[in-house]
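S.K.: Before I ask anything, here is the structure I am working with.
Just so it is clear, none of the values below were taken in a lab; they were calculated from the coordinates. This structure is a prediction, so every number in the text was calculated from the model and none was measured. Positions of Cβ are backbone-derived with ideal geometry, glycine not excepted, and every protein chain shown enters the neighbour counts.
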Amino acid sequence: MDQGAVGIVGAGAMGRGIAQVSAAAGYEVILNDTTVELVERSLDRVAKDLGRLVEKGKLEAGQRDELLSRVRKSNDLADMAQADIVVEAIYEDIEAKKKVFAALDMYCREDVVLGSNSSSLSILDLAMATKRPESVVGIHFFNPVPLMKGVELVCTIVTSFQTLEAARQFSVSLGKQTWVAKDAPGFLSTRLLIPYLFDAMRLLESGFASKEDIDTCCVLSFNYPMGPLTLADLIGLDVLLNIGNGMYASFKDPKFAAPVLLEKMVTAGQLGRKAGKGFYDYS
């Protein structure tokens, strides 16, 4: 994909990560959320992360400033009329996402690829909220976006080859490697991940092993960068609960049923790193 403008809807952890790697690759970025304050807060976080790279000598201060200058703040979806590709990265709620796609359909040019960063929801349902379902594709990044090398492309039964290829070229231009998954609950990555994380939680819940030993076992036995409970805290326990509930509703397979411990932790507000406490204490 030629360098152009990338629209990103949602300035949370995933949105700001996609904005950072897009700007670093030379794209002009339109970062949108419901208020400018939310976008500013997100960009402050990006600036701090880049500042640490400058301090370590991995990035020049001028490069940091140039990168940040490519990101434009937006609180109006009409601004997406200027984008060449759009990635929706709001919270995992199908109705909220459908409203975003209906609005993008109204504002964006006909040749624009409309992507969703959803990790589990039906891309076809989002596509059918538009009058151009062939232009909608899943573009699923992983957290933290600047460090993770993969992007999962999710193709529906109506996604055109041109749309899929444009999404692939865009991902590759960001330095990512891609694979294609079918539009089924959880796609490929989450369908593999959720049973793994939930099994680790059940082992902890039953008293079979301590959280430290569960994580250490997986890191040292399988050469994973972190254990499943540490990873769950990074993703967000509320996010995992929502995904698990959705996948269980679709498949009725017990391996996707959320552990009681997970439900109780979410109820207690112990959501992981972002809340300061999850399986581990980050305060």
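S.K.: Helix-only estimate, please: 222 nm mean residue ellipticity of the chain, summing -39500 (n - 2.57) across DSSP H runs of length 4 or more and dividing by its residues, to the nearest 500.
M.R.: So the calculated ellipticity at 222 nm is -15000 deg cm²/dmol.
S.K.: How far is helix 189-206 tilted off the main Cα axis of the chain, in degrees rounded to 10, range 0 to 90?
M.R.: Tilt of helix 189-206: around 30 degrees.
S.K.: Counting only residues 5 or more places away or on other chains, whose amide H sits under 5 Å from the amide H of Ile30 once H atoms are built in the peptide plane?
M.R.: Close amide H contacts, sequence-distant or interchain: Val6, Gly7, Ile8, Arg72.
S.K.: Sticking with this one: Note the full-extension length gain between Gln3 and Asp93 as 0.36 nm times their separation in residues minus their Cα-Cα distance, in nm to one decimal.
M.R.: Taking Gln3 through Asp93 to full extension adds about 29.3 nm, to one decimal.
S.K.: If we count every other residue with Cβ under 12 angstrom of Ser160's Cβ, Lys/Arg +1 and Asp/Glu -1, where does the sum land?
M.R.: My count for the surroundings of Ser160 gives -2.
S.K.: Once you charge only the Cβ atoms, +1 for Lys and Arg and -1 for Asp and Glu, what is the size of the charge dipole of the chain about its Cα centre, to the nearest 20 debye?
M.R.: In total the dipole reaches around 340 debye.
S.K.: With r defined as the distance between the Cβ atoms of Asp199 and Val36 and R0 fixed at 45 Å, what FRET efficiency is calculated, to the nearest 0.05?
M.R.: After rounding to 0.05, the efficiency reads 0.60.
S.K.: From the residues Val87, Gln3, Asn117, which one has its Cα farthest along the dipole of the chain in the positive direction, the dipole being from +1 and -1 charges on Cβ of Lys/Arg and Asp/Glu about the Cα centre?
M.R.: Ranked along the dipole, the leading option is Asn117.
S.K.: Rg/Rh for the range 5-182 to two decimals, with Rh computed the Kirkwood way over all alpha-carbon pairs.
M.R.: 0.96
S.K.: Just Leu203, Leu188, Leu126 to compare: in a GNM of the chain, with alpha carbon springs under 10 Å, which one fluctuates most?
M.R.: Largest GNM mean-square fluctuation: Leu203.
S.K.: Next question, about the same structure. So how strong a dipole does the range 190-275 carry about its Cα centre when Lys and Arg Cβ are +1 and Asp and Glu Cβ are -1, to the nearest 20 debye?
M.R.: So the magnitude is around 220 debye.
S.K.: For the chain, set up a GNM with springs between Cα atoms under 10 Å and report which of Ala19, Ala83, Ala47 has the largest fluctuation.
M.R.: Ala47
S.K.: Below 8 Å between Cα atoms, with a sequence gap of 6+, how large is the relative contact order for the range 198-283 in percent?
M.R.: Taking the mean separation of contacting Cα pairs over the length of the range 198-283, I get 29 percent.
S.K.: Which whole-Hz couplings ³J(HN,Hα) result when phi for each residue of the range 144-151 is put into the Karplus expression 6.51 cos²θ - 1.76 cosθ + 1.60, θ = phi - 60°, listed in order with x for Gly and Pro?
M.R.: So the J values, rounded to whole Hz, are x, 4, x, 9, 7, 8, x, 9.
S.K.: In degrees between 0 and 90, to the nearest 10, how far off the longest principal axis of the chain does helix 36-55 point, with axes built from Cα atoms?
M.R.: Roughly 80 degrees between the two axes.
S.K.: Now a separate question. Is the shape of the range 151-192 best called rounded, prolate or oblate, per the rule: a/c under 1.5 gives rounded, else a/b larger than b/c gives prolate, else oblate, with a ≥ b ≥ c the square roots of the Cα gyration tensor eigenvalues?
M.R.: Verdict is oblate for the range 151-192.
S.K.: Next up: Which angle between 0 and 90 degrees, to the nearest 10, do you get for helix 94-107 versus the longest principal axis of the chain when only C-alpha atoms count?
M.R.: The angle comes out near 10 degrees.
S.K.: For the range 232-242, what does the Karplus curve 6.51 cos²θ - 1.76 cosθ + 1.60, with θ = phi - 60°, yield as ³J(HN,Hα) per residue in whole Hz, taken in order and with x for Gly and Pro?
M.R.: 4, 4, 5, 5, x, 5, 5, 5, 5, 5, 4
S.K.: What Kirkwood hydrodynamic radius, in Å, does the range 168-273 give when the mean of 1/r is taken over all pairs of distinct Cα atoms and then inverted?
M.R.: The answer is 14.9 Å.
S.K.: Tell me, how many Å apart are the Cα centres for the range 242-283 and for the range 1-53?
M.R.: Between the Cα centre of the range 242-283 and that of the range 1-53, the gap is 28 Å.
S.K.: Can I ask one more? Out of residues 5 or more away from Ala181 or on other chains, whose amide H comes under 5 Å of its own, with H placed 1.01 Å from N in the peptide plane?
M.R.: Excluding prolines and chain starts, which carry no amide H, the hits are Leu153, Val154, Cys155.
S.K.: Once both labels are modelled 7 Å past Cα along the beta-carbon direction, what's the Tyr282-Ala209 spacing in nm?
M.R.: 2.3
S.K.: At 0.36 nm per residue, and after removing the present C-alpha to C-alpha distance, how many nm does the segment from Tyr224 to Leu192 gain when stretched out fully?
M.R.: 10.1 nm
S.K.: Quick one: length gained pulling Lys252 to Glu165 fully straight, 0.36 nm per residue minus the C-alpha distance?
M.R.: Difference between extended and current length: 27.9 nm.
S.K.: Now for a different question. Report the GluC sites (Glu not before Pro) located in the range 26-93 that are in a DSSP loop and have at most 13 other Cβ atoms inside 10 Å of their Cβ, or state none.
M.R.: When the GluC sites (Glu not before Pro) of the range 26-93 are filtered for loop state and at most 13 Cβ neighbours within 10 Å, Glu60 remain.
S.K.: How charged is the neighbourhood of Val151? Take every other residue with its Cβ under 14 Å from the Cβ of Val151, and add Lys/Arg as +1 and Asp/Glu as -1.
M.R.: Once all neighbours under 14 Å are counted, the net charge is +1.
S.K.: Just going by the charge dipole of the chain, with Lys and Arg at +1 and Asp and Glu at -1 on Cβ, which of Gly12, Thr35, Leu220 is farthest out on the positive end?
M.R.: Leu220
S.K.: May I ask you to derive the relative contact order of the chain, considering only C-alpha pairs under 8 Å and at least 6 residues apart, and to give it as an integer percent?
M.R.: For the chain, the relative contact order is 13 percent.
S.K.: For a paramagnetic label modelled at 7 Å from the Cα of Met148 toward its Cβ, which residues of the range 105-133 fall within the zone defined by backbone nitrogen distances under 18 Å?
M.R.: Flagged as within label range: 115-123.
S.K.: Further question: Cβ under 13 Å from Gly186's Cβ, Gly186 left aside: what net charge do those residues give with Lys, Arg +1 and Asp, Glu -1?
M.R.: Net charge around Gly186: -1.
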